[in-house]
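**Q** Input: one structure, supplied below.
Nothing in this text is a laboratory measurement; each read-out follows from the coordinates by a stated rule. Please read these numbers as outputs of a predicted model, since none were measured by experiment. Note that we place each Cβ from the backbone using ideal geometry, even for glycine, and neighbour counts take in every protein chain shown.
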Amino acid sequence: GQQLNQSPQSMFIQEGEDVSMNCTSSSIFNTWLWYKQDPGEGPVLLIALYKAGELTSNGRLTAQFGITRKDSFLNISASIPSDVGIYFCAGYRGAGNNRKLIWGLGTSLAVNP
Amino acid sequence: DAGVIQSPRHEVTEMGQEVTLRCKPISGHDYLFWYRQTMMRGLELLIYFNNNVPIDDSGMPEDRFSAKMPNASFSTLKIQPSEPRDSAVYFCASSFAGDRLAGINEQFFGPGTRLTVL
């Protein structure tokens, strides 16, 4: 099935550093979602974006819905060890019963204390 | 409030055996999703239900896979016969259609079932 292009695939950073990851697609999306998956658990929603250009923050997390509606980024400021996990972008395309949620392959984040 | 409940958490079986994975969605949710997660393919939607009715099963890999939702509080994903390439983590998720009005559409995931087929 179709997937979003998510990058980087993995990151290894020092505690306190800022992190940036993004998702791109050749198709237009009308909602972007960012999820985090802790080891051994299911993904949990972090941020939802509904309008092109929208910039939303959730604590140390900031995400933006690209103007072209084909991309989104997630920034994490001042990383801490509990930020470790896999971050997924997901986007909704279509409407009604044709509305589909498409997932990126994830960015694996490791934080060195 | 309990989240999405899945059982078992881990399953190890031999090739050719039948495997049944179980899911209890969050009470009041009317959408239920089954996903498969592997390193190579990431999260793949297998099938989803709305009000217990299967809506889209285009992600089900082959006839060996089947899913049922006999009532609003229970769903199963069955693999018969299982093969080593079915080894993966299987997630169940649920959501509430009413949130569509607010554009949220948040899917709440269970902890997953890690399936190993030897």
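**Q** Would you mind estimating how fast the protein assembly as shown diffuses translationally, via Stokes-Einstein at 25 °C and 0.890 mPa s with the Kirkwood radius over Cα pairs, in µm²/s?
**A** 134 µm²/s
**Q** Using C-alpha positions alone, give me the convex hull volume of segment B:1-108 per residue in cubic angstrom.
**A** Given the Cα convex hull of segment B:1-108, per-residue volume reads 107 Å³.
**Q** Roughly speaking, what is the stretch gain from A:D18 to A:A95, that is 0.36 nm per residue apart minus the C-alpha to C-alpha distance, in nm to one decimal?
**A** Value of the extension gain: 24.2 nm.
**Q** In addition: Give me the net charge of A:L45's neighbourhood, meaning all other residues with Cβ under 10 Å from the Cβ of A:L45; Lys, Arg count +1, Asp, Glu -1.
**A** Net charge in that neighbourhood comes out at 0.
**Q** Separate question: Based on other C-beta atoms within 10 Å, arrange A:L109, A:L49 from fewest to most.
**A** A:L109, A:L49
**Q** For chain A, set up a GNM with springs between Cα atoms under 10 Å and report which of A:T68, A:T24, A:T56 has the largest fluctuation.
**A** Comparing A:T68, A:T24, A:T56 in the GNM, the peak value goes to A:T68.
**Q** Now, a different point. Any idea which of A:V19, B:M15, A:N30 is furthest toward the positive side of the dipole for the protein assembly as shown, if Lys and Arg beta-carbons carry +1 and Asp and Glu beta-carbons -1?
**A** Farthest towards the positive pole: A:N30.
**Q** Oh, and also: Mind sorting A:R69, A:R99, B:R114 by how few other Cβ atoms lie within 10 Å of their own Cβ, fewest first?
**A** Neighbour counts put them in this order, fewest first: A:R99, B:R114, A:R69.
**Q** How much of the pair distance distribution for chain A lies past 21 Å, counting alpha-carbon pairs only, in percent?
**A** Counting every Cα pair in chain A, those more than 21 Å apart make up 32 percent.
**Q** Putting +1 on Lys and Arg Cβ atoms and -1 on Asp and Glu Cβ atoms, find which of A:Y87, B:A72, B:G3 reaches farthest to the positive end of the dipole of the protein assembly as shown.
**A** B:A72
**Q** Let me ask something additional. Take peptide A:40-47, look around each residue's Cβ out to 10 angstrom, count Cβ atoms belonging to other protein chains, and average those counts.
**A** The shielding value for this peptide is 6.
**Q** For the pairs A:K51/B:K68; A:K36/B:K78; A:K70/B:K78, flag any whose C-alpha to C-alpha distance is greater than 30 Å.
**A** A:K51/B:K68; A:K70/B:K78, as the Cα separations exceed 30 Å there.
**Q** Once you charge only the Cβ atoms, +1 for Lys and Arg and -1 for Asp and Glu, what is the size of the charge dipole of chain A about its Cα centre, to the nearest 20 debye?
**A** Result for chain A is approximately 640 debye, rounded to the nearest 20.
**Q** Summarise the partner chain shielding of B:30-42 as one whole number: the mean count of Cβ atoms from other chains within 10 Å of each residue's Cβ.
**A** That average works out to 2.
**Q** Just to verify a number: FRET efficiency for B:M39 and B:M15, C-beta to C-beta distance, R0 = 30 Å, to 0.05?
**A** With a Förster radius of 30 Å, E is 0.90.
**Q** Restricting things to alpha carbons, find the Rg to Rh ratio for segment A:53-113 using the Kirkwood radius for Rh.
**A** Looking at segment A:53-113, the ratio lands at 1.04.
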